[in-house]
1. If you take the residues of region 711-730 that are surrounded by 17 or more Cβ atoms within 10 Å (Cβ to Cβ) and touching a helix residue (DSSP H, G or I) at 6+ places or on another chain (Cβ under 7 Å), which of them is modelled with the highest pLDDT?
2. Consider residue 152 carefully, then state whether it is within 21 Å of residue 78 (Cβ to Cβ), under 39 Å from the mean Cα position of the chain (by Cα) and either without any contact (Cβ under 8 Å) to a residue 12 or more places away in the chain or not in a helix (DSSP H, G or I) (or both).
3. What's the number of the condition residue 497 fails, among (1) surrounded by 19 or more Cβ atoms within 10 Å (Cβ to Cβ); (2) among the hydrophobic types (A, V, I, L, M, F, W, C); (3) touching a Lys or Arg at 6+ places or on another chain (Cβ under 8 Å); (4) within 19 Å of residue 720 (Cα to Cα)?
4. Looking at region 496-508, is at least one residue of a type outside the set (Phe, Trp, Tyr) and over 20 Å from residue 708 (Cβ atoms)?
5. Criterion first (modelled with pLDDT of 85 or more, more than 18 Å from residue 119 (Cα to Cα) and buried (at least 21 other Cβ atoms within 10 Å of the Cβ)) does residue 191 satisfy it?
6. Look through 584, 492, 509, 550 and report the one residue that is of a type in the set (Ser, Thr, Tyr) and either touching a Pro at 6+ places or on another chain (Cβ under 9 Å) or outside the structural domain of residue 596 (by TED's automatic domain parsing) (or both).
7. Of the residues in region 70-87, how many are surrounded by fewer than 20 Cβ atoms within 10 Å (Cβ to Cβ) and part of a helix (DSSP H, G or I)?
8. Residues in region 499-522 that are in contact with an Asp or Glu (Cβ under 7 Å, 6 or more places away or on another chain) and of a type in the set (Ser, Thr, Tyr): how many?
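The values are calculated or read from the model by the stated rules, or taken from the named source; none is laboratory data. In this text the structure is predicted, and so the values were computed from the model without any measurement. Please note: Cβ atoms are built from the backbone with ideal geometry, for glycine as well, and neighbour counts cover all protein chains shown.
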Amino acid sequence: MELNRQKSLSKQIVASLVVLLGTGLLTLVFVGYNAIRIADDASSARQERFAARSLAEEIADLPNDQRSVTIWDDSVVWTRARDADWMDGNLGAWVQGYFGHDETYILDPEGVPYFASIQTERVSFDRYEDRADRIAPLVAQLRAAMAEASLGIDNPYEELADVSVVAALRFDDVAAIVSVVPIVSDTGDIVQSAGTESLHVAVQYIDADLAGRIGTPNELRDVAFGPAPPEGSFTGVPVTDADDTAITWLTWQPERPGTAIFMRMLPVLLFSVLAGVGLLWWMVHRLLRLSGQLHVSEAQARFLANHDALTGLPNRKLFQDRLTQAMHATARSGQPVALIAIDLDRFKLINDSLGHPAGDELIRQVGSRLVELVRASDTVARFGGDEFMILMRDVAGDDDLRRFCARIVEQLSRPYDLLGNTGSIGASVGAVRAGSLDSKRDDLMRRADIALYRAKTEGRGRYVLFESKMGKVEHERNQIENDLRAALDTGTGLSLVYQSICDEKGRVTGAEALCRWDHPEHGALSPEIFIRVAEERGLIDRLGQWVLETACRFAVGTNLGKIAVNVSPMQLRHPGFVPMVLETLRTTGLAPTRLELELTERVLLDKTVGIREKIGQLRAAGITIALDDFATGDSSLQYLRDYRVDSIKIDRSFVARLGQDEESDHLVQAIFGLARAMGVAVTVEGVETEMQHDRLAAMGCRTFQGYLLHRPMDSEQFASTMSEGHIAIS
């Protein structure tokens, strides 16, 4: 009986293995077939992309070939003279022989040909009649583009140099690429009235020669042009005209790497089938091990979803969950809870001066010190950056909470050992205690933030407990608003400091003006605070005008090439912003070309208030426009193209990571490449070490800004320092 039971169990195991192995083999066949098909399709699609790209490049290169001879004073002179021999030697036969064009025509302003050449042989103008009907729309399109480019310009030779029209066309006898460009002066010495320019027409046959030029570099087999779409095993891409109608097809025999690999791998596949049973047993064992590892990974994933990766502390999500649970418990038991918000003072200074690794180490040590201060039932969380929160249960009264907050300020103010350097910071602390009647988590967190804001505005390095009389942060902001309004009225407290902008050799070429406010009660108030209040309370226009006027007056007394001034998005929305800037330049006597306005990406996102038009007016006046903190927000190539900024400023956060990983270096290098391609200048902020300077210089950087060169200085310090640096100060 026992033996039968064992045999039955064995049969079940064998049957299960057979089913499992059969299923695996069928799966292998199915996956293999799909892999072969996908590989073949992917190879064919890749060849189609390469072929289409090469075809597009051939079309785009045609007007570039023409411009080598049409943007030339001699071409204007001799075509006006109708010198057929000169035109044949320079605009006809030579161009065809050198670039491989097949037909050349030169048209007068009325579209009538006065020169024609086909395959290096000069021919009668009548030959153009066979082409005229199809080419005429291109000529009309070019004339319209030329008229638009010439609008309001007396001698638009530079603008016309970039105008061209190119398209693929089907003639009765051949398909061809046709390009039409104007013949214009290269120096501007020869003035042509708008509409009087001659046009140069180049015709490139879509034939076997063109197919070879496309097929050879892309390794296409049996490549050829034909009138019909590909059939059978062939693939191809269409050549379309301006109406997106296929006029001919480029076809070839595609590579099929999947099929080739399958034939080479067939012996291995057969061996795999024979070894399937053994492999199956190994896989079962392996899956058991992986299952155990998966449980560990899941636990790690759950931990990271609720904890800060740098410190291991609970994150915002977990903290809010625990706060909600604590408030529910408080509602039932009446035992109060306390919420403490902590913001590190001078953390940015440590991060900037000692580097991001030291900043990360500081954050870890702050987290450890906070954990040591609390009980096991309390929660310490990191909300991001230099913000921490503490949830304390069963807090007896405000006096206990004050003593604890004082200990936080004291402990966090002790020096830190940061990777061989000693650093010191402070802490601003805001706290609130909630009882059984407080039921809204968000309200409690908002009160803690209000108390924290009060601590920061009172001078930092201190704690504040929320009091009902505080109300909303509105009270604090009203005070700042009133004090800022008074400072603008009296001209006291506000000042500018200037940070130099230098070339690759350390020579000062400009400076950035930075606003500072020595508040009568709080001392040096962060620009982030008072500028935000100025924006919210309608004072930003007055503040911005004061900054602009003060910076311009300072720049007039120096030989600085540029003075850079930051512009708030709120300023640019004001309808009188552009006239204000121009009037300030007039009254201060600063040349518009010496002023650079720095905008943030947030400005460019605003498409409802005529931002593009205002930027255009400023650039037309000679003012340069810089895009500040590039690539830290919603950067887009479309912004650089549409708004035509003159320069971009790479944010210090990218510079700080140079040399730490290849990804950061490659990203900065890519930004330089993008800027060069678009003709946009680049300034790099936050350069603090020789290593950063050398790496950036090797990438092609020519303009630097940072503590390595100069720290921000007031006008007198700047004038003195720059005088010693051999820049003239009048």
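1. Going through the qualifying residues, I end up with 713.
2. Judged against the criteria, residue 152 is not a match.
3. So residue 497 meets the others, but not (1).
4. Yes, region 496-508 contains at least one residue that is of a type outside the set (Phe, Trp, Tyr) and over 20 Å from residue 708 (Cβ atoms).
5. For residue 191, the condition - modelled with pLDDT of 85 or more, more than 18 Å from residue 119 (Cα to Cα) and buried (at least 21 other Cβ atoms within 10 Å of the Cβ) - is not met.
6. Exactly one of 584, 492, 509, 550 is of a type in the set (Ser, Thr, Tyr) and either touching a Pro at 6+ places or on another chain (Cβ under 9 Å) or outside the structural domain of residue 596 (by TED's automatic domain parsing) (or both), namely 492.
7. Selection size over region 70-87: 8.
8. Residues in region 499-522 being in contact with an Asp or Glu (Cβ under 7 Å, 6 or more places away or on another chain) and of a type in the set (Ser, Thr, Tyr): 1 in total.
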